[in-house]
Amino acid sequence: MLQRIKYTFRFKYRKGHSIHSPFIYRMVRTIFMPNTNKFLPANNKLYGLLLEDELRQKVAFRISQAYIYLECKSFKFNNYSYCGEDMVILSEITSYEKITEFIDYLRCYSVKNNKRIVVVIKDIYDNKRNSSWWKQFDALKLDLYWAGIIIFDNNLNIQSFKLRL
């Protein structure tokens, strides 16, 4: 609970202020702002799976909108094998070594094939180990507190954003 309170006071980006990446600015304005997301649909299948996995309704809705916004065509849920999906959702961190190896594989695959891959990780602040593990990645990261989004794309700079929903 204390970590949630600290996060509330430390988030940096709301409504797109101070975001210098045009890609992320448009994404924040389109998906994460309550007044502008009325026209962007959500992927109902993904939304339903995220709700079943006990992710907060607001976060699940935003992630399913991100799926549409980032033009993802397929997703994989809770599986550490990769078969060309655009979005991978990992809701359980069972082995830090296994998931780190898997994410490194996705990064290399993205660079080699010039493909955008989106990784969604649930409960990045569930405990201190998750928190320190989340901070180690050098990628374009969106920190939503309840979940984290990592975007591997050769055309985007490595940055980290803490967003408030």
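Table: residues versus (1) in contact with a helix residue (DSSP H, G or I) (Cβ under 9 Å, 6 or more places away or on another chain); (2) within 19 Å of L49 (Cα to Cα).
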{"residue": "E101", "(1), (2)": "no, no"}
{"residue": "R107", "(1), (2)": "no, no"}
{"residue": "K115", "(1), (2)": "yes, no"}
{"residue": "V118", "(1), (2)": "yes, yes"}
{"residue": "R129", "(1), (2)": "yes, no"}
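Consider the range 107-123 and keep the residues that are surrounded by 21 or more Cβ atoms within 10 Å (Cβ to Cβ) and hydrophobic (A, V, I, L, M, F, W, C). The one that is nearest to I63 (Cα to Cα) is V120.
Looking at (1) buried (at least 16 other Cβ atoms within 10 Å of the Cβ); (2) modelled with pLDDT under 90, which is the one condition that is false for K135? Status for K135: all satisfied but (1). Looking only at the range 116-165, residues that are touching an Asp or Glu at 6+ places or on another chain (Cβ under 9 Å) and without any contact (Cβ under 8 Å) to a residue 12 or more places away in the chain come to 0 in all. Kindly indicate the residue of the range 106-141 that is basic (K, R) and over 21 Å from E71 (Cβ atoms) and also nearest to the chain's Cα centre (by Cα) among those meeting that condition. The selected residue is K122.
Per-residue answers, yes or no, for (1) modelled with pLDDT of 60 or more; (2) more than 18 Å from the chain's Cα centre (by Cα); (3) farther than 18 Å from D123 by Cα:
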site: I5; (1), (2), (3): no, yes, no
site: R10; (1), (2), (3): no, yes, no
site: H17; (1), (2), (3): no, yes, yes
site: S21; (1), (2), (3): yes, no, yes
site: Y25; (1), (2), (3): yes, no, yes
site: I31; (1), (2), (3): yes, no, yes
site: P41; (1), (2), (3): yes, no, yes
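The set of residues in the range 63-106 that are assigned to a loop (DSSP other than H, G, I, E, B), without any contact (Cβ under 8 Å) to a residue 60 or more places away in the chain and surrounded by 15 or more Cβ atoms within 10 Å (Cβ to Cβ) comprises C72, Y80, E85, D86, S91, I93. Taking the numbered list (1) surrounded by fewer than 18 Cβ atoms within 10 Å (Cβ to Cβ); (2) touching a Ser or Thr at 6+ places or on another chain (Cβ under 8 Å) in turn, N130 passes all entries but (2).
The values are calculated or read from the model by the stated rules, or taken from the named source; none is laboratory data. Computed from a predicted structure; not experimentally measured. Counting neighbours? That spans all protein chains shown, and the Cβs are built from the backbone with ideal geometry, glycine included.
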